[in-house]
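Asker: Got a structure for you, questions after.
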Amino acid sequence: MAFISLRNINKIYPNGFHAVHNFNLDIEKGEFVVFVGPSGCGKSTTLRMIAGLEDISDGEFLLNGVRANEQGPRERGIAMVFQSYALYPQMTVFDNIAFGLTLQGVDEDEIDRRVRNTARILGLTDYLDRLPRALSGGQRQRVAIGRAIIRKVNIFLMDEPLSNLDAKQRVTMRYEIAQIHKETGATTVYVTHDQTEAMTLADRIVVMKDGYIQQVGTPYELYYKPVNVFVAGFIGEPPMNFVRGTLEKGCMTFGENKLDLTNWRSGVNEWEGRNVVLGFRPEAISLKEIPNALKVDSFVELTELLGDNSNIYVKSGENTAILKVDSHDTPEMDAPLTFWIPMDSVYLFDGETEKALGVDFEGKNETSVA
Ligand code: ATP
């Protein structure tokens, strides 16, 4: 039996807006699950329904197999960290972390022990006497997390907890959240619109769009086996390149190039004459000739050196693509460039439904298709 079960959950707001559609998900004890998707796709609404902060319009929410739709946040044993960490400015770090326990009337020695243990996990031991204004953004966010994890809760919910931090702090805190999860083993549901955060933190990711689940899977599965164009384009940075066209005599057109896909996978001839979308990841290409690959002649419009790698913006006819190469191999701008796409890194999607072609998702319970 799953620890948390969401069965056919729907959210219709009082103004009639249907924000979440038939959301189905089982979460195991100790799992770190991330909801990811563009702004407005229903991530926070779903999280708030799990928290008990938002009514569930339809469907069933189960905790340990028992219906919990009617339970309030406290009964559910949930702690939540929000985007804005709203610490009490006049209280020390110690008192901020201890606040919930003090309210509950927990014994002082017990509070002291638990605050110090929480501070140790979060690396805040040296800051316990400080006021929040004397902390960095990352340290403040850690205090907010401390305030949540000090309570003995079953489920830990986080809604974009890193969005107020700068890029560098986000990377550090990401690592720290992973460490905290390792140490506490708390079942965690985490909301973000940042696919890197999702990929690095999650045991499993739920990709959402327009209130619908698109795919549920491990980061590996979502990267290598996206079920549709949306997931393929959302996971990965820079995003996957897409070429739209018709499969004619087993070939697709990329600008001046004819890409022969007859050897792609058995059954490719079934899509002859159909509109398809060909996808390949920027990092999957080779600048040297390799066997069993599609050769593409292109023209370099722009190069961006990012450190260990470079993004190369290429064009052929009307088609454009981004390539990610080792920065030592950065080609000249405004010059021709030939690259190869390994056949086993080529994705094909149905041009109408945008669903992946030639991928067998049956019998894989960890991956569900919308
Ligand atoms: P973000 O990343 O921007 O926070 P999200 O994926 O978390 O987005 P939600 O906040 O869950 O999205 O909102 C989902 C949809 O529901 C949005 O279109 C939003 O405008 C709508 N919505 C949210 N709250 C309400 C409300 N109280 N009444 C009506 N519609 C709402």
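All of the numbers you see were taken from the coordinates with simple rules; none came from a lab. As the structure is a computational prediction, the values presented were derived from the model and not from experiment. Every residue, glycine among them, receives a Cβ derived from its backbone with ideal geometry; neighbour counts consider all protein chains shown.
Asker: State, to one decimal in nm, how far the label point of Arg74 lies from the label point of Glu28, with both points 7 Å from Cα in the Cβ direction.
Answerer: In this crude spin-label approximation the distance works out to 3.4 nm.
Asker: May I pose another question? Rank by packing, highest mean first: peptides 38-44, 203-209, with packing defined as the count of other Cβ atoms within 10 Å averaged across residues. If you can, show how the numbers build up before the last one.
Answerer: Values: 38-44: 17.4, 203-209: 23.1.
Put in order of decreasing packing, that is 203-209, 38-44.
Asker: Hey, another quick one. Step through the residues of the stretch 182-187 one at a time and calculate ³J(HN,Hα) from phi using the Karplus curve (6.51 cos²θ - 1.76 cosθ + 1.60, θ = phi - 60°), rounding each to whole Hz and writing x for Gly and Pro.
Answerer: 4, 6, 8, x, 6, 4
Asker: Now for a separate question. Need the C-alpha centroid separation for the stretch 71-105 versus the stretch 121-139, integer Å.
Answerer: Between the Cα centres of the stretch 71-105 and the stretch 121-139 lies a distance of 16 Å.
Asker: Of the listed peptides 156-164, 171-179, what is their order by residue-averaged count of other C-beta atoms within 10 Å, with the highest listed first? Don't skip to the answer; put the middle values down first.
Answerer: Values: 156-164: 21.4, 171-179: 16.7.
Averaged packing, sorted descending, gives the order 156-164, 171-179.
Asker: Separate question: Take Ser266, Ser5 and order them by how many other Cβ atoms sit within 10 Å, fewest up front.
Answerer: On the way: Ser266 8, Ser5 20.
Going from least to most buried by this count: Ser266, Ser5.
Asker: Among Asp26, Asp329, Asp55, which one moves the most in a GNM of the chain with springs linking Cα atoms closer than 10 Å?
Answerer: Asp329
Asker: Between Lys295 and Thr338, what is 0.36 nm times their sequence separation minus the Cα-Cα distance? Round to one decimal in nm. Walk me through the numbers on the way to the answer.
Answerer: Values: separation 43, 0.36 × 43 = 15.48 nm, distance 0.70 nm.
Taking 0.36 nm per residue and subtracting the Cα distance, the gain is 14.8 nm.
Asker: Continuing with this model, one more query. Would you work out which of Gly100, Ile50, Gly307 lies farthest towards the positive end of the dipole of the chain? Charges go on Cβ: Lys and Arg +1, Asp and Glu -1.
Answerer: After comparing all options, I get Gly100.
Asker: Residues in the stretch 224-238 near a label at Tyr212, defined as backbone nitrogen under 20 Å from the 7 Å Cα→Cβ point?
Answerer: 225-235
Asker: Can you tell me which of Glu108, Glu272, Glu354 moves the most in a GNM of the chain? Springs connect C-alpha atoms under 10 Å apart.
Answerer: Glu108
Asker: Quick one: which of 140-151, 112-123 comes out on top by average Cβ neighbours within 10 Å, and what's the full order, highest first?
Answerer: Values: 140-151: 23.3, 112-123: 17.2.
The densest-packed peptide leads the list: 140-151, 112-123.
Asker: Under a point spin-label approximation (7 Å from Cα along Cα-to-Cβ), what is the Thr200-Met1 distance to one decimal in nm?
Answerer: 3.8 nm
Asker: Please compare each pair in Lys225/Lys288; Lys182/Lys355; Lys152/Lys225; Lys43/Lys315; Lys324/Lys355; Lys43/Lys355 to a cut-off of 28 Å on the Cα-Cα distance and tell me which ones are over it. Can you show the working numbers first?
Answerer: Numbers: Lys225/Lys288 26 Å; Lys182/Lys355 35 Å; Lys152/Lys225 37 Å; Lys43/Lys315 36 Å; Lys324/Lys355 25 Å; Lys43/Lys355 22 Å.
Listed pairs above 28 Å: Lys182/Lys355; Lys152/Lys225; Lys43/Lys315.
Asker: Okay, moving on. Using the Cα gyration tensor of the stretch 108-180, with a ≥ b ≥ c the square roots of its eigenvalues, what is the shape: rounded (a/c below 1.5), prolate (a/b larger than b/c) or oblate (neither)?
Answerer: Working: a/c = 2.05, a/b = 1.32, b/c = 1.56.
Oblate, since a/c reaches 1.5 and b/c is not below a/b.
Asker: Helix-only mean residue ellipticity at 222 nm, the chain, DSSP H runs n ≥ 4 weighted -39,500 (n - 2.57), per residue, nearest 500. What is it?
Answerer: After summing the helix terms and dividing by the residues of the chain, the value is -7000 deg cm²/dmol.
Asker: At a Förster radius of 30 Å, what calculated FRET efficiency corresponds to the Cβ-Cβ distance of Asn117 and Tyr88, to the nearest 0.05?
Answerer: Values: r = 21 Å, r/R0 = 0.70.
Given R0 = 30 Å and the Cβ-Cβ separation, E is 0.90.
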